[in-house]
Structures are given as C-alpha cells and as structure tokens.
Amino acid sequence: MAVDPSCLFCRIVAGEAPSTRLHDDDLVLAIRDIAPRAPTHILLMPRDHIPSARELTEDDAVLLGRLYAVAAELARREGISEAGYRVVTNVGRYGGQTVHHLHLHLLGGRPFAWPPG
Ligand code: AMP
Ligand code: ZN
C-alpha cells in the first residue's frame, strides 16, 4: 500500500489529520468535504496513495467498483439518490485538482449545471 507522508489525504486515511468519517473499509475511506459546494458533499478516496485518475489501470477494477458502490450507498443514506446527484473526479491543473490523492466528489441536494464551468 503506497503512502505519501506529505499528502493530506494519506494523513486523513491514517487518522493523523481530522475528518468526519462516513465509511471506512479495507480499500476506501469516505469523509465530508471541509468546504461543501452542495448540501451533500462527500469525498471518497482509496486508502492507497494513487495521485489521480490519470494513474488508473485495469488492475484497479475492484477499487473502482468499490468506490462507486460506496458512493451509491452513501447517496441512499444521505437521501439524495432518487433526485439524482453527481460523481466527479478532477484530474490535474485543467481539471481543477488541488489534492493529489485520487478522490471522487459525491455531490447532491441541489441541481447541477451542465456543462460544468
Ligand atoms: P480537488 O480540488 O478535486 O482536488 O478536491 C479537493 C477537495 O478536498 C476540496 O473539495 C476541498 O474542499 C477538500 N478538502 C481539503 N482539505 C480537506 C480536509 N482537511 N478535510 C476534508 N476535505 C478537505
Ligand atoms: Zn495520499
């Protein structure tokens, strides 16, 4: 399991930095975003330090299945599933990524524009 000691989300996974944990298993951690952009804004991340979706390969199929299954479960728990929601991952500079540890944003509780800004 890769860990980057300078990475905020690795420190959150390790319990060395605070977070509001909503889900924790052998592959995935889900926390509340500290600066929510919607009534529900949850971050789902692998325990493993993968910098972004750019680094994903077919070998990550089980991890990706787990990330999306946990997102669907948390959406049901948050009561946003039926109305619909958005799952996004930002990659690199143009993608708007600020924390370089792969994460999905689960956003819901209001409608979202398309295309995104
Ligand atoms: P991104 O810009 O796609 O890399 O997303 C990073 C997200 O992490 C942003 O939505 C931030 O609000 C969120 N964030 C930054 N620091 C923390 C933290 N300590 N706890 C929870 N969320 C955080
Ligand atoms: Zn990390």
Toy charge model, Lys and Arg Cβ at +1, Asp and Glu Cβ at -1: the chain dipole around Cα centroid in debye, rounded to 20, equals 540
Pseudo-spin-label distance Y94 to R37, built 7 Å along Cα→Cβ, given in nm, is 1.8
Note: D25 to A83 extended length (0.36 nm per residue) minus current alpha-carbon separation gives 18.2 nm
Relative contact order in percent for the chain (Cα pairs under 8 Å, 6+ apart) equals 29
Sorting G109, N90, L22 by the position of each Cα along the dipole of the chain (Lys, Arg +1; Asp, Glu -1; all at Cβ), the one nearest the positive end of that ordering is G109
Amide H proximity to L22 below 5 Å, modelled H, separation 5+ or other chain, gives A30, I31, R32
Contact order relative to length for region 46-105, counting C-alpha pairs under 8 Å separated by 6 or more residues, stands in percent at 49
Scalar couplings 3J(HN,Hα) for region 39-46 by Karplus 6.51 cos²θ - 1.76 cosθ + 1.60 (θ = phi - 60°), nearest whole Hz, x for Gly and Pro, are x, 10, 9, 10, 10, 10, 9, x
One computes Rg over Rh for region 1-67 from alpha-carbon atoms, with the Kirkwood Rh, and obtains 0.96
So, with points 7 Å from each Cα along the Cβ direction, the R54-R76 label distance in nm works out to 3.6
Under Stokes-Einstein, the chain at 10 °C and 1.306 mPa s, with its Kirkwood radius over C-alpha pairs, diffuses with a coefficient in µm²/s of 109
Out of I50, L8, A38 - ranked by how far each Cα lies towards the positive end of the dipole of region 1-59, with unit charges on the beta-carbon of charged residues - the top one is A38
Between the Cα axis of helix 61-78 and the main Cα principal axis of the chain, the angle (0 to 90°, nearest 10) is 40
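Values quoted throughout were computed directly from the atomic coordinates according to the rules given, and no laboratory measurement underlies them. None of the values given here were measured: they were computed from a predicted structure. Cβ atoms come from the backbone with ideal geometry, glycine included; neighbour counts cover every protein chain shown.
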